1. Can you name the residue in the range 322-356 that is under 21 Å from Ala250 (Cβ atoms) and not in a helix (DSSP H, G or I) and, of all such residues, is farthest from the chain's Cα centre (by Cα)?
2. Can you give me the number of residues within the range 379-406 that are of a type in the set (Val, Ile, Thr) and assigned to a loop (DSSP other than H, G, I, E, B)?
3. Return a yes/no flag: does the range 164-175 have any residue that is within 18 Å of the chain's Cα centre (by Cα), surrounded by fewer than 23 Cβ atoms within 10 Å (Cβ to Cβ) and farther than 23 Å from Gly42 by Cα.
4. Before we move on, is Ser318 surrounded by fewer than 22 Cβ atoms within 10 Å (Cβ to Cβ), among the hydroxyl-bearing types (Ser, Thr, Tyr) and at pLDDT 95 or above?
5. Of all the residues that make up the range 271-308, how many are buried (at least 23 other Cβ atoms within 10 Å of the Cβ) and either assigned to a loop (DSSP other than H, G, I, E, B) or among the small types (Gly, Ala, Ser) (or both)?
6. Pairs under 6 Å by beta carbon, first residue more than 13 Å from Cys334 (Cα to Cα) in the range 382-406, partner surrounded by fewer than 18 Cβ atoms within 10 Å (Cβ to Cβ), six or more apart or different chains?
7. Are any residues in the range 92-135 assigned to a loop (DSSP other than H, G, I, E, B) and not β-branched (Val, Ile, Thr), and if so, which ones?
8. Quick one: count up the residues across the range 232-255 that are of a type outside the set (A, V, I, L, M) and in a loop (DSSP other than H, G, I, E, B).
Amino acid sequence: MKRRDFIINSALAIGGAALLSGCGQKEIKKAEKEVVKRTFAGKDFPLIALGCMRLPMLDGRIDMAELDKMVEYAMMHGANYFDTAYMYVEGKSENAIGEILKQYPRESFMLADKCPAYLVNSKSDVVKLFNEQLKKCQVDYFDNYMVHNINKDTIKNYRDNDMYGEIMKLKKEGRVKNVGFSFHGDPDMLREVIKEHKWDFCQLQLNYLDWEVMNADELYSIADEAKLPVIVMEPLRGGGLCNLPEKAAAKLKESCPDDTQASFGLRWVSSKSRVFTILSGMSNFRQLKENVDTFTNFREFTQEELKLAADITRIIQSQGAINCTACRYCMEVCPRGINIPAIFGLYNVYKSNGNGFMFKVNYEALKESERADKCINCHLCSKNCPQGLDIPALLKRVESALARAK
């Protein structure tokens, strides 16, 4: 390991920050082609951005040499938007990206961070956390700053402590350029949050799988109707859409031979006009290069490809632990309006990746009236299911899995 990398890793290991010579003066060598841009708040934002929740790791620590290489390549190609948060990578993400970005002139990159609503118990906590985050990121302002993860458990903290008002004060001081929120609630809650204040943008989980089997289409429609710009998180479902079942992978390869699984998923998200940047958690240089290349050699998503994405979703559903094809015949007869395909889809993803935390987060984003515990065992759904599934019994299985998930 080079001495410079050793210093950086050592500093991060103890929660500090090493100083690099030539701070803020690193030359950015521009590539011949840059990623496509979309305009937001009078500035051009790259359509693909580096989400700093899944950074490269080496021996249990952030691999700063790899991250440095990734950021340099991103900056060369105009992908100069970076998104971090207080708890990412066990609290080390802000330090890491701040240490790398401080090599560059501040005006050459855009940095987003988020106020962790679950830690806010007073108005003063907002400012205290903000100042801590600025210090860790080694900047004097954030381009985008958000109330982080508004959901049923955090919405009380957000409202009771006027987090919006406190962040707006920071905006008036010039320490925040744009104010938004990231969201993991249900559609009714999103409508309420948007109406409560004048937001600059929101951050939503959108991908072609959630569009078909969750409520991502409704969430996006709510933002679209409010003319609220959107940043996308989890465009590849935490990597799940880069590991398609064999049948789905073969169909994609046959229909779109020039696409990788990742580029297909990212291009699908780009088809939503309200979206001005897409966050992708890239954990190595290869992934970053592939994603940047997708947007330097950008192709618009077609109507035929939209139909293909829906077909792939049905294949994913049918290949899961529960053989649901998301045909929605069950929902035509369910007297309680339970979102059976969405519930089974979340369970299938959980069984494939073992991520109990996201299983719970995404499940709780469903409307309470749509959840498994509302089943009354009438079995009308089973009688209408082309696959012959015992749906009430399977809903009980999902409930049990939720209780055990970690």
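1. My answer is Asn323.
2. So the answer is 0.
3. No, that holds for no residue.
4. No, not satisfied.
5. Here the count works out to 2.
6. Cβ pairs passing all conditions: Gln387/Asn323; Ala405/Gly356; Ala405/Lys360; Lys406/Gly356.
7. Answer for the range 92-135, where residues must be assigned to a loop (DSSP other than H, G, I, E, B) and not β-branched (Val, Ile, Thr): Lys92, Lys102, Gln103, Tyr104, Pro105, Phe109, Asn121, Ser122.
8. Qualifying residue count, the range 232-255: 4.
The values are calculated or read from the model by the stated rules, or taken from the named source; none is laboratory data. Model, not experiment: these values are computed from the prediction. Backbone-built Cβ (ideal geometry, glycine too); neighbour counts: all protein chains shown.
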